[in-house]
Amino acid sequence: MNKKYNGAIGIFDSGYGGLTILDEIKKRLPDHDYIYLGDNARTPYGTRSFNIVYRFTLEAVKYLFKQGCPLVILACNTASAKALRTIQQHDLPDIDPTRRVLGVIRPTVEQLGKHTQTGHIGIFGTPGTIQSESYNMEISKLYPGFKAVGHACPMWVPLIENGEASHPGADYFVKQEVDRLLDKDPEIDTIILGCTHYPLLYDKIRRYVPEEISLLCQGNIVAESLADYLERHTGLEKRLSHGHTTTYLTTENSSKFSAMASIFLNQPVEATTVEI
Ligand code: DGL
């Protein structure tokens, strides 16, 4: 185990999207140590099969455990939809039952009751997240009377990963998917941005979604839910370190990651390339 990172919270995403979660978690829990891992070499996950997303995610979790993380957050809806449950139920008992892996779908769904009046919920996500119907299943468990409609946006992650999110060409792809979702159910009054990349397109999405519809970003929801979880799991909290550090790791080129992440986080980021 790499003693340097012993006690850090691992934050994992296929690429840059999880930075939107990390950013909010750090605002809510600024004292902890964090390791962010972006699997940029293999992004996007959203169009990949269940088995591949599961395998890649498990590799990332094992890597972060090896660095010394007692807790890993899958800051990725696709990984949460396709790999979280199997890792929690099948792999964790063998690897180390004292460590924890948490996702982003359940905490997001828990908040819906506070936002919707009509009970009609829209979900934007990657093709993998939408096809998995993880949101629909979670919503029908917690809010059986709600109607949930998912809509896949296959172009949005590539636009973001390629640095096109703020360029005018992205508007076409954003408006098209917003119109398609609202055509499916005009009574939707709350939309979940069910991919951690999408807040990076927030301004454009907001421009085309009518203002009376709430748009839920997951960053602050996940941060709040994590703070609550750590208050309730004091044994785990005691194993976490509090050195105020963040380490950025990527499976792709570190200079490219550093440049993009510095723009997204609005602060200088220096990343290291790793093999997982
Ligand atoms: N950020 C991810 C999510 O929340 C995945 C994006 C991708 O790799 O397709 O689903």
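The values are calculated or read from the model by the stated rules, or taken from the named source; none is laboratory data. Bear in mind that the values here come from a model prediction, so they are computed numbers and not experimental data. Heads up, the Cβs are rebuilt from the backbone with ideal geometry, glycines too, and the neighbour counts pull from every protein chain shown. These area figures cover heavy atoms from the full protein model, side chains too; ligands, DNA and RNA do not enter into them. Shrake-Rupley method; radii C 1.70, N 1.55, O 1.52, S 1.80 Å.
Things worth noting here:
- Built amide H within the under 5 Å cut-off of LEU71, gap 5+: GLY10, ARG100
- Remark: the THR272-GLU110 segment gains 54.8 nm on full extension, using 0.36 nm per residue and subtracting the alpha carbon distance.
- Within straight-line cross-link reach of LYS82, aspartates and glutamates at Cα separation under 17 Å, skipping those fewer than 8 residues along the same chain: ASP13, ASP39, GLU59, ASP91, GLU133, GLU138
- Rounded accessible area of ILE276 (nearest 10 Å², 1.4 Å probe): 60
- Highest GNM mean-square fluctuation among THR234, THR126, THR47, for the chain modelled with Cα contacts below 10 Å: THR234.
- Pairwise label distance in nanometres, MET155 with GLU212, each label 7 Å out on the Cα-Cβ vector: 2.9
- For TYR208, net neighbour charge (Lys/Arg +1, Asp/Glu -1) across residues whose Cβ lies under 12 Å away: 0
- Cα-based radius of gyration for segment 16-64, normalised by 2.2 N^0.38 Å, reads 1.32.
- The percentage of C-alpha pairs in segment 44-198 whose separation is greater than 27 Å is 29%.
- Kirkwood hydrodynamic radius over Cα pairs of segment 80-138, then Stokes diffusion coefficient at 20 °C and 1.002 mPa s, in µm²/s: 163
- Distance histogram in 5 Å bins (all Cα pairs of segment 1-103, percent per bin): 3, 14, 25, 26, 20, 10, 2, 0
- Estimated at 0.36 nm per residue, the fully extended path between LYS4 and THR118 surpasses their Cα-Cα distance by 36.1 nm.
- Using only Cα coordinates, the Kirkwood hydrodynamic radius of segment 158-221 works out to 12.3 Å.
- With eigenvalues of the C-alpha gyration tensor scaled by 5 and rooted, the chain, Å: 29, 21, 17
- Gap separating the Cα centres of segment 31-74 and segment 218-242, nearest whole Å: 19
- Charge tally for HIS244 (other residues, Cβ to Cβ under 11 Å; Lys, Arg +1; Asp, Glu -1): -1.
- Heavy-atom accessible surface of the chain: percent carbon and sulfur, 1.4 Å: 50
- Taken along the Cα-to-beta-carbon direction at a fixed 7 Å, the label points for SER255 and ASP179 span 4.2 nm.
- Sequentially through segment 61-76, phi angles give Karplus couplings (6.51, -1.76, 1.60; θ = phi - 60°) of 5, 4, 4, 5, 4, 4, 6, x, 7, x, 9, 10, 9, 7, 7, 8 Hz, Gly and Pro residues having no value and appearing as x.
- Pairwise label distance in nanometres, ASN162 with HIS244, each label 7 Å out on the Cα-Cβ vector: 4.1
- Within straight-line reach of LYS204, meaning a Cα separation under 22 Å, sit the following lysines at least 8 residues removed in sequence or on another chain: LYS175, LYS184.
- In order through segment 210-220: 3J(HN,Hα) via Karplus (6.51 cos²θ - 1.76 cosθ + 1.60), integer Hz, x for Gly, Pro: x, 5, 6, 8, 6, 10, 9, 8, 8, x, 6
- Near the amide H of LYS147, within less than 5 Å, lie the amide hydrogens of HIS120, ILE121, all on another chain or at least 5 residues away, with H placed in the peptide plane.
- At q = 0.13 Å⁻¹, base-10 log of I(q)/I(0) for segment 109-207 (Debye sum, equal scatterers on each alpha carbon): -0.44
- In straight-distance terms, cross-link reach from LYS26 covers every one of the lysines whose alpha-carbon lies under 20 Å from its own, apart from those fewer than eight places away in the same chain; here that gives LYS4, LYS238.
- Amide H within-cut-off set for ALA271, under 5 Å, with H built and near neighbours excluded: SER258
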